[in-house]
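Below is one structure; the comments refer to it alone.
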Amino acid sequence: ELIWAIKPDLIIETGIAHGGSLILSASILELIGGRGRVVGVDIDIRKHNRREIERHRLARRITLIEGSSTDDEVIKKIAKIAHSKKRVLVLLDSNHTHSHVAKELELYHPLVTRGSYLIVFDTAIDNLPQDIIKNRPWGKGNSPATAVKEFLKKNPGFIIDKTIDHKLLITCSPNGFLKRIK
């Protein structure tokens, strides 16, 4: 719904896993028309995933960047791609620790254009019982949600768009739909 409403020239996604959401975003951009592109960043793009993404019929809309989403060289590449875009949407879904998400918010929020969104996935981690989260460095009190709270205190140009949360019966991103208003 947001992609359709915003009609972004560029969608930036950190943490691509198998690439399904990249393909979904590229598909919606294809339906919209125009030249919209998706940039996917992941610290480890497995060969078989890269091969399948690059073979997809919408691969022309997708750019893959392998490296940490917070690495200076990765940020430079993305900033260069985003430089001339009028509508940029950012999706953060990589390492879910507070410190990593806080760093991503700091680095990527300047790329989000007014009226668009910075979507932080898995803020629901902070609402889960700690014993559900095993063998992970994140958990209650050390999550995307805590990073969002900290970010919003310093960045009045963004607000939580509660209308998105109110439309969804279930979401992995409560209070994670941050709209750029300034």
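The values are calculated or read from the model by the stated rules, or taken from the named source; none is laboratory data. Computed from a predicted model, the values in this text were never measured in an experiment. Glycine also receives a Cβ, built like all others from the backbone with ideal geometry; neighbour counts cover every protein chain displayed. We work out accessible area using only protein heavy atoms, side chains counted, and drop any ligands, DNA or RNA first. Shrake-Rupley method; radii C 1.70, N 1.55, O 1.52, S 1.80 Å.
Here are the numbers:
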quantity	calculated
Answer residue from the stretch 33-51, given it is closer than 12 Å to Leu22 by Cα and assigned to a helix (DSSP H, G or I) and is least open to solvent (accessible area, probe 1.4 Å) among those	Asn49
Strands (runs of 3 or more DSSP E) lying entirely in the stretch 69-182 (those with 1 or more residues that are aromatic (Phe, Trp, Tyr) and touching a Lys or Arg at 6+ places or on another chain (Cβ under 7 Å))	117-120, 158-160
Selection status of Ile62, within 22 Å of Val101 (Cα to Cα), in contact with a strand residue (DSSP E or B) (Cβ under 7 Å, 6 or more places away or on another chain), at pLDDT 95 or above and aliphatic (A, V, I, L, M)	no
Unmet requirement for Gly157, which otherwise passes all of (1) within 17 Å of the chain's Cα centre (by Cα); (2) surrounded by fewer than 18 Cβ atoms within 10 Å (Cβ to Cβ)	(1)
Residue that is most open to solvent (accessible area, probe 1.4 Å) [pool: residues in the stretch 160-182 that are over 15 Å from Val101 (Cα atoms) and either in contact with a Cys (Cβ under 8 Å, 6 or more places away or on another chain) or polar (S, T, N, Q) (or both)]	Thr163
Subset of the stretch 67-102 [surrounded by fewer than 16 Cβ atoms within 10 Å (Cβ to Cβ) and under 27 Å from Ala5 (Cβ atoms)]	Ala79, Lys80, His83, Ser84, Lys86
Scan of the stretch 126-149 for residues that are touching a residue at least 12 places away in the same chain (Cβ under 8 Å), surrounded by 14 or more Cβ atoms within 10 Å (Cβ to Cβ) and out of contact with any His (no Cβ under 8 Å at 6 or more places or on another chain), ordered by number	Asp126, Gly139, Lys140, Ala145, Val148
Residue under evaluation Ile159, criteria (1) in contact with a helix residue (DSSP H, G or I) (Cβ under 9 Å, 6 or more places away or on another chain); (2) within 19 Å of Val41 (Cβ to Cβ), criterion not met	(2)
